[in-house]
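A quick write-up on the structure given underneath.
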Amino acid sequence: MTRSRSPLLDLPGAVSGDGVDAPVAAHYGSFYGEQRTLEAGDGFVDLSHRGVVRITGPDRLGWLHSLTSQHLERLEPGVWTATLVLSPQGHVEHALYGVDDGESFTAHVEPGEAPALVEWLDRMRFMMRVEVADLTEELAVTWRPAARTSGAPYSGHSFVPRDELTAYAAAAGPACGLYAYEALRIARGEPRLGLDTDHRTIPNEAGWIGNAVHLDKGCYRGQETVARVHTLGRPPRRLTLLHLDGSADRLPAQGSDLLLAGRTVGFVGTSARHHELGPIALGMVKRNVPLDAELDTDDIRASQEVLVDPEVGLHVRPQLR
């Protein structure tokens, strides 16, 4: 279930987003100007439609460490991190972005995904001293570039009591919309689960190795696939940044096929208009597609910029961008 309409849609100039992002503002009148504001380190973004999950109890970090892809058992308070829940086959089922405060680990997930994650975590508790709660109705997610931590790609987020969101906006302004946030996220090459990935995606394909997957830790569900692909190299697909032909007055639909000489070689995820790069998108492409090949999607030409090296693994040193 997706959150109801954000109260910040009542701010002057606010225009609602699309699809799962409809409950928050896409922009407040100038998404190019809002991108520049964020790049300058000012403003904030309303992400209050995202789900929020909290895990409390003395065993929480060791328990999460054993279940997910990140090294969490010695996570210091206040340090933001990302971690994944994988299927037994290594496919990404949940992506969590969170922080521990010394007593609880609080994380945000894609809109509508908190209930399924809480249900799965509850089934995994056994005799561990942990409690799991869906706090989506109580806490709203925001993002401020001024709060980002150097070397922590998923930092900058905050959890705000929902009944204080309007007051927070008045103090943290100017408000910047999701279109601006998404354009900068896509340019950084950070995928969104379920939009830039599909049910077959493994972490090695999406650039999550290192950021959300720790390769030197104990066993967890799906680790065998991650380790095997990392050891042998050459994941089946690779996330790529697509530079779209700006002659088309539209962006490709999410999920559109990526074509090479009329043959489907991948799909398009999220797309945006960047104030410097122009129209861009993330795409999931088969590993053997030449890096310099121009692709077509939704009758739009697209050139590639490498995000995940097609040969990535222990046997190579990736040369990105």
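Select, from Leu75, Leu64, the only residue that is under 25 Å from Glu205 (Cα atoms) and at pLDDT 95 or above.
On the way: Leu75 fails: under 25 Å from Glu205 (Cα atoms).
Of the residues listed, the single one that is under 25 Å from Glu205 (Cα atoms) and at pLDDT 95 or above is Leu64.
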A careful count of residues in segment 50-64 that are open to solvent by less than 40 Å² (accessible area, probe 1.4 Å) and under 14 Å from Ala107 (Cβ atoms) gives 9
Among the residues of segment 67-81 satisfying the criterion of being touching a helix residue (DSSP H, G or I) at 6+ places or on another chain (Cβ under 6 Å) and aliphatic (A, V, I, L, M), which is surrounded by the most Cβ atoms within 10 Å (Cβ to Cβ)?
-> Leu72
Please specify each residue of segment 149-162 satisfying the condition of being of a type in the set (Ser, Thr, Tyr) and open to solvent by less than 40 Å² (accessible area, probe 1.4 Å).
-> Tyr154, Ser155, Ser158
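Just to check your reading of the model, which residue among Glu305, Glu311 is assigned to a strand (DSSP E or B), charged (D, E, K, R), over 22 Å from Asp21 (Cβ atoms) and in contact with a Gly (Cβ under 9 Å, 6 or more places away or on another chain)? Spell out how you get there, then give the answer.
Numbers: Glu311 fails: assigned to a strand (DSSP E or B).
Answer to the selection: Glu305.
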Can we say Val141 is crowded, with 18+ Cβ neighbours inside 10 Å, within 15 Å of the chain's Cα centre (by Cα) and at pLDDT 95 or above?
-> yes
Report whether or not Ala272 is open to solvent by 40 Å² or more (accessible area, probe 1.4 Å) and small (Gly, Ala, Ser).
-> no
Which residue pairs have Cβ atoms closer than 6 Å, lie 6 or more positions apart in sequence or on different chains, and pair a first residue in segment 16-42 that is without any contact (Cβ under 8 Å) to a residue 60 or more places away in the chain and closer than 16 Å to Gly173 by Cα with a second residue that is open to solvent by less than 60 Å² (accessible area, probe 1.4 Å) and part of a loop (DSSP other than H, G, I, E, B)?
-> Gly29/Gly13
Selected residue (criterion: most open to solvent (accessible area, probe 1.4 Å)) from residues of segment 35-49 that are assigned to a helix (DSSP H, G or I) and not aliphatic (A, V, I, L, M) = Arg36
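Listed here are the residues, each with its yes/no results for (1) at pLDDT 95 or above; (2) more than 16 Å from Asp196 (Cβ to Cβ); (3) assigned by the TED database to the domain that holds Leu244.
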| residue | (1), (2), (3) |
| --- | --- |
| Arg263 | yes, yes, yes |
| Thr270 | yes, no, yes |
| Asp296 | yes, yes, yes |
| Val316 | no, yes, no |
| Leu320 | no, yes, no |
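Listed here are the residues, each with its yes/no results for (1) of a type in the set (A, V, I, L, M); (2) modelled with pLDDT of 95 or more; (3) closer than 23 Å to Arg5 by Cβ; (4) open to solvent by less than 20 Å² (accessible area, probe 1.4 Å).
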{"position": "Glu103", "(1), (2), (3), (4)": "no, yes, no, no"}
{"position": "Ala114", "(1), (2), (3), (4)": "yes, yes, yes, yes"}
{"position": "Glu131", "(1), (2), (3), (4)": "no, yes, no, no"}
{"position": "Glu164", "(1), (2), (3), (4)": "no, yes, yes, no"}
Members of segment 138-185 found to be hydroxyl-bearing (Ser, Thr, Tyr), touching a Phe, Trp or Tyr at 6+ places or on another chain (Cβ under 7 Å) and more than 19 Å from Trp208 (Cβ to Cβ), listed by number = Thr142, Tyr179, Tyr181
Can you find a residue in segment 278-294 that is open to solvent by 50 Å² or more (accessible area, probe 1.4 Å), part of a strand (DSSP E or B) and not basic (Lys, Arg)?
-> no
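The values are calculated or read from the model by the stated rules, or taken from the named source; none is laboratory data. Predicted model, so just to flag it, every value in this text is computed and none were measured. Here the Cβ is made from the backbone with ideal geometry for all residues, glycine too, and neighbour counts use every protein chain on show. SASA here: full protein model, heavy atoms, side chains in, ligands and nucleic acids out. Shrake-Rupley method; radii C 1.70, N 1.55, O 1.52, S 1.80 Å.
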